[in-house]
Structure formats: structure tokens, C-alpha cells
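Asker: Handing you a structure now.
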Amino acid sequence: MTELTFLGTGGGRFTTISQLRQTGGLYLRDRGLRANVDPGPGALVHMHRYGLDPTLTDAVLVTHAHPDHWTDAAILLEGITRGGLDRKGTLVAPRSVLRGTHHEGHPVGPVITKYHQQMMANCHEVAAGHKVTLEGMYEAHATKQIHSDPDTVGFRIQLTHGQFSYIPDGVYFDGLADLHQGSRLVVCQMTRGGSERIPHHMCTDDVERLADQIRPRLLLLTHFGYKTLKEGDPGVWAQRITERTGVPTVAARDGLRVTMGSDFQMEFLDKGQAPPVLA
Ligand SMILES: [Zn+2]
């Protein structure tokens with residue numbers, strides 16, 4: 001069984017600053033793997049709220065060096081290693097996160113200290129096309145993304161009940177869908193609804209094209225920007241993608257837990273919210 005828990009579904013600086021939505025990223029649990037993916041501000045706090053023990057995490061995956069993707073990483077690494085006492089766990093991140101790089105003359109990263117990197121049993125610096133093995137049994141492929149952090153990667157991981165893709169911040173490009181072919185479950189970061197594209201990010205039109213090409217069994221939208229959330233429920237954009245492509249699409253909400261077995265189950269960990277209905 002694979003279980004995804006949304007510790008946050010907000011993205012971009014203004015959603016993060018205002019906490020219009022939580023920004024703790026994703027928690028992934030499979031048979032032999034527990035991983036935090038893009039643990040932004042609030043990951044630690046919301047793990048505790050949802051009864052997830054940070055000392056049991058095996059791996060932290062960070063896609064790029066923007067704060068809504070990494071700010072809680074250091075404390076989660078301390079959780080894995082019991083404050084640095086046990087040398088265990090895995091950190092997977094690109095160069096910008098671990099060593100720093102530049103974009104258009106401006107520095108990007110590094111954002112995780114050397115102290116925290118050296119605390120881990122494994123610290124993998126990945127670039128697009130690299131493959132790492134997690135917990136001795138899960139192959140995680142770093143996939144190409146085009147974003148304002150030039151080292152940004154996505155991930156494609158073979159899990160117990162199918163292939164999982166995580167497509168973070170970045171623009172649509174020819175070939176992006178090819179990197180995620182065969183994924184049964186896709187989480188895609190859609191900052192803007194509709195056709196209103198902002199630089200370096202995807203809007204609904206872009207995600208719709210991806211959905212049509214990848215055709216997963218379930219597509220989950222997340223990482224909603226401030227304007228998109230202020231304008232209404234991002235669920236309308238999920239519905240549009242479902243209607244136009246036939247790919248079942250859900251706009252994730254904070255505290256959504258999705259279980260992937262032979263079929264998909266969804267529940268909300270925050271009481272009082274009805275789970276989304278799959279088309
Ligand atoms: Zn970003």
C-alpha cells in the first residue's frame with residue numbers, strides 16, 4: 001500500500017507568507033519507505049498534527065532551492081538522525097540545494113547546511129537523468145524540470161502499487177510528459193488556474209496537456225498560488241482537466257491522504273471535510 005499525505009497544498013511566496021494554505025509539502029509512505037518530499041514551512045508542525053513521527057522518516061527529497069520546498073528540511077534531518085546522534089537516512093537534492101548555483105547572475109542556494117548534509121548516512125546530489133536507490137529497494141529517478149532554479153528536478157519512483165511521479169515547479173516543455181510515462185499516480189504543482197501563466201510555473205492549460213499525454217489513473221494538483229486561491233476553489237480547474245482529458249483529477253487540500261492499492265482511497269485528516277469524489 002502506498003499512502004500520500006499532503007502536509008501542505010500552498011505554493012509561491014504569498015501563499016507561504018500568509019499561510020492561506022499550509023506549505024509542508026508531501027509525506028510518502030510505502031511498504032519499506034517513509035519520505036518527506038519538499039518539506040516547506042510547516043512540515044514538522046503538521047506531521048505532529050497528523051500523527052506522523054518525524055524520527056521514522058527514511059529519506060528527505062528536495063526538488064529545488066526555493067523556501068516553500070526546503071525550509072523544514074534541516075529539522076527533519078535532525079529528526080531522522082536523532083539530532084545527529086545516529087548516522088542514518090538519506091537526503092536527495094540537486095546542486096543548488098546542497099552547494100549552490102546561479103541564475104541570471106543571481107546566487108541560488110545552498111540552503112541546507114554542510115553540518116546537516118554530513119549528518120546523513122547518504123547524501124545524494126542529483127541532476128536530471130540520475131537514479132538513486134532508496135532503502136535498498138526503491139529506484140528514484142531525478143527528472144528534468146525547467147524552472148528559475150536551473151538545477152530543479154522532479155522525481156519518478158516505482159512504488160509497490162505502481163509508478164509515482166512528482167512534477168514540481170517549472171514550465172511545460174516538449175518531452176516533459178515522456179519522462180513520466182507509465183505513472184499511475186501523478187502529483188503536479190499548478191501555481192495558477194486557467195490560462196494565466198506566470199514565469200517559470202505551470203497553469204491549468206499546461207497541466208491539461210500533461211494529463212492528456214501521461215494519462216495517469218489519478219492526477220493530484222497542488223502548490224496553489226495566492227491569486228488562484230483568492231479567486232476561488234482550485235477544484236474547478238481539476239474538474240476542467242477531468243472533463244477535457246478524461247483523466248481523474250483532484251485538487252488536493254491540506255490534510256488529504258490518498259491511498260494507492262489496487263484502487264485509490266481518499267480521506268481528510270482534518271475533521272469535518274468530506275473527501276473528494278473521484279470521477
Ligand atoms: Zn520554485
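Asker: Counting Lys and Arg as +1 and Asp and Glu as -1, what is the net charge of the other residues whose Cβ lies under 13 Å from the Cβ of H141?
Answerer: Numbers: positive: K131, K144, R156; negative: E139, D178.
Local charge sum for H141: +1.
Asker: Near A65, within a Cβ-to-Cβ distance under 13 Å, what is the net charge of the other residues, with Lys and Arg +1 and Asp and Glu -1? Walk me through the intermediate numbers first.
Answerer: Working: positive: R95, R99; negative: D38, D68, E125, D149, D151, D169.
Counting the neighbours of A65, the net charge comes to -4.
Asker: Using label points projected 7 Å from each Cα along Cα→Cβ, tell me how many nm separate M137 and K227, to one decimal.
Answerer: Once both label points are built, they end up 4.6 nm from each other.
Asker: I would also like to ask the following. Quote to one decimal, in nm, the extra length available between R49 and D174 on full extension: 0.36 nm per residue of separation minus the C-alpha distance between them.
Answerer: On the way: separation 125, 0.36 × 125 = 45.00 nm, distance 4.01 nm.
Full extension from R49 to D174 adds 41.0 nm.
Asker: For H124, tell me the accessible area in Å² from a 1.4 Å probe, rounded to the nearest 10.
Answerer: Here the residue's solvent-accessible area equals roughly 60 Å².
Asker: Ratio of alpha-carbon Rg to the 2.2 N^0.38 Å globular estimate for region 2-268, to two decimals, please.
Answerer: Values: Rg = 16.9 Å, N = 267, 2.2 N^0.38 = 18.4 Å.
Rounded to two decimals, the normalised Rg is 0.92.
Asker: If you average over every viewing direction, what projected area does the convex hull of the Cα atoms of region 172-279 give, in nm²? Write out the running numbers ahead of the final one.
Answerer: Values: hull surface 27.6 nm².
Dividing the Cα hull surface by four gives the mean projection, 6.9 nm².
Asker: With the cut-off at 1.5 for a/c, could you classify region 1-115 from its C-alpha gyration tensor as rounded, prolate or oblate? Mind showing how you got there, number by number?
Answerer: Values: a/c = 1.87, a/b = 1.21, b/c = 1.55.
Oblate shape, in that a/c is at least 1.5 and b/c is the bigger or equal ratio.
Asker: Give the residues of region 2-32 whose amide nitrogen is closer than 13 Å to a point set 7 Å from the Cα of H103 in the direction of its Cβ.
Answerer: 12-13
Asker: While we're on this one: Give me the distance in nm between label points sitting 7 Å out from Cα along the Cα-to-Cβ direction at D212 and A274, one decimal.
Answerer: Modelled inter-label distance: 3.1 nm.
Asker: Please sort by residue number the trypsin sites (Lys or Arg not before Pro) in region 8-59 whose DSSP state is loop and whose Cβ has at most 15 other Cβ atoms within 10 Å.
Answerer: Hits after loop and neighbour filter: R31.
Asker: Counting only heavy atoms of protein chains, what accessible area per residue, in Å², does the chain have with a probe of 1.4 Å? All intermediate terms of the calculation are to be shown ahead of the outcome.
Answerer: On the way: 11430 Å² over 279 residues.
Value for the chain: 41 Å² per residue.
Asker: Which percent of the accessible heavy-atom area of region 172-261 goes to carbon and sulfur, probe 1.4 angstrom?
Answerer: On the way: 1530 of 3370 Å².
Using a 1.4 Å probe with all protein chains present, region 172-261 comes out at 45 percent carbon and sulfur.
Asker: For D205, what accessible area in Å² do you get when you roll a 1.4 Å probe over the heavy atoms of the protein chains, rounding to the nearest 10?
Answerer: D205 has an accessible surface of roughly 50 Å² with all protein chains in place.
Asker: Something else about it: Within the set of other residues whose C-beta is less than 12 Å from the C-beta of A251, count the net charge using Lys and Arg as +1 and Asp and Glu as -1.
Answerer: On the way: positive: R21, R240, R253; negative: D233, D254.
Its environment carries a net charge of +1.
Asker: Also, I was wondering about something else. Between N122 and V236, what is the label-to-label distance in nm when each label sits 7 Å out along the Cα-to-Cβ direction?
Answerer: It works out to 4.5 nm between the two label points.
The values are calculated or read from the model by the stated rules, or taken from the named source; none is laboratory data. Everything numeric in this text was worked out from a predicted model, so none of it was measured. Quick reminder, even Gly has a Cβ in these numbers, built from the backbone with ideal geometry, and neighbours come from all protein chains shown. Please note that ligands, DNA and RNA were not included when accessible areas were found on the heavy atoms of the full protein model with its side chains. Shrake-Rupley method; radii C 1.70, N 1.55, O 1.52, S 1.80 Å.
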